[in-house]
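Read through the structure below, which is laid out as structure tokens, and then see the notes.
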Amino acid sequence: MKINYLLLCVLVIIFFSACASSKRFTSDKEFLNESESQLDSENLEFIEQGVASYYADKYHGKKTSSGEIYNMNDMTAAHPSLPFGIFLLVKNIKNNKSVIVRVNDRMPDFKNRIIDLSLAAAKKLDMISEGTVEVKIYRVRK
């Protein structure tokens, strides 16, 4: 009887520790509001390095390639080939600032640019005055 009780206790402890081992997000907004500094290297996969640009009011309120309406105040991005809905950490190499964005649009496959960021994301990277900056892009595993 004591062995069954002990076994049950061990199983309950294992179950609850497994449930608590990784952070769960209830929404994309909650995930995007998470501090980039709280991500560890296990949650990041390097994708590419290159030049980022941003787009703002000209496309604000218009439909994106994914069918969503573009909102320049959201943390979103356009990429030539990465799947819609993927989360990326974009890091400005010059000032070390970073932002998490969700890909929801396409951009032309320019040889000199790898990603187009929303205005809000560009502001967070402090790249508005330059217009374009060198970045590293990492896929974020939720």
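The values are calculated or read from the model by the stated rules, or taken from the named source; none is laboratory data. All figures in this text were calculated on a predicted structure; none of them were measured in a lab. Methodologically, a virtual Cβ is constructed for each residue, glycine included, from the backbone with ideal geometry; neighbour enumeration extends over all protein chains shown.
Could you tell me whether any residue of the range 117-134 is touching a residue at least 24 places away in the same chain (Cβ under 8 Å), touching a Ser or Thr at 6+ places or on another chain (Cβ under 9 Å) and within 14 Å of residue 47 (Cβ to Cβ)?
No, the range 117-134 has no match at all.
Evaluate the range 81-93: report whether one residue or more is among the charged types (D, E, K, R), modelled with pLDDT under 95 and either under 17 Å from residue 119 (Cα atoms) or touching a strand residue (DSSP E or B) at 6+ places or on another chain (Cβ under 7 Å) (or both).
The first filter runs over the range 81-93 and keeps only residues among the charged types (D, E, K, R), leaving 91.
Adding the requirement that they be modelled with pLDDT under 95 leaves none.
Checked the range 81-93: no residue is among the charged types (D, E, K, R), modelled with pLDDT under 95 and either under 17 Å from residue 119 (Cα atoms) or touching a strand residue (DSSP E or B) at 6+ places or on another chain (Cβ under 7 Å) (or both).
For the range 63-79, give me each residue that is surrounded by fewer than 16 Cβ atoms within 10 Å (Cβ to Cβ) and among the aliphatic types (A, V, I, L, M).
Correct list: 69 only.
Please go through the range 48-63 and give me each residue that is hydrophobic (A, V, I, L, M, F, W, C) and at pLDDT below 95, ordered by number. Step through it out loud before you land on a result.
Taking the range 48-63 and keeping what is hydrophobic (A, V, I, L, M, F, W, C), we get 51-52, 56.
Residue satisfying the conditions is 56 alone.
So how many residues does the range 52-80 have that are in contact with a strand residue (DSSP E or B) (Cβ under 6 Å, 6 or more places away or on another chain) and within 16 Å of residue 131 (Cα to Cα)?
Of the residues in that region, 7 qualify.
Give me a count of the residues in the range 132-142 that are touching a helix residue (DSSP H, G or I) at 6+ places or on another chain (Cβ under 9 Å) and more than 22 Å from residue 39 (Cβ to Cβ).
Qualifying residue count, the range 132-142: 0.
List the strands (runs of 3 or more DSSP E) inside the range 58-127, counting only whole elements, that have at least 2 residues being touching a helix residue (DSSP H, G or I) at 6+ places or on another chain (Cβ under 6 Å).
Values: elements: 76-78, 87-92, 98-105, 115-118.
Correct list: 98-105.
Against the definition (surrounded by fewer than 21 Cβ atoms within 10 Å (Cβ to Cβ) and closer than 24 Å to residue 61 by Cα), how does residue 82 come out, yes or no?
Values: surrounded by fewer than 21 Cβ atoms within 10 Å (Cβ to Cβ): yes; closer than 24 Å to residue 61 by Cα: yes.
So residue 82 fits the description; yes.
On the basis of being of a type in the set (Gly, Ala, Ser), over 13 Å from the mean Cα position of the chain (by Cα), more than 21 Å from residue 67 (Cβ to Cβ) and surrounded by fewer than 22 Cβ atoms within 10 Å (Cβ to Cβ), does residue 98 make the cut?
Numbers: of a type in the set (Gly, Ala, Ser): yes; over 13 Å from the mean Cα position of the chain (by Cα): no; more than 21 Å from residue 67 (Cβ to Cβ): yes; surrounded by fewer than 22 Cβ atoms within 10 Å (Cβ to Cβ): yes.
Criteria not met by residue 98.
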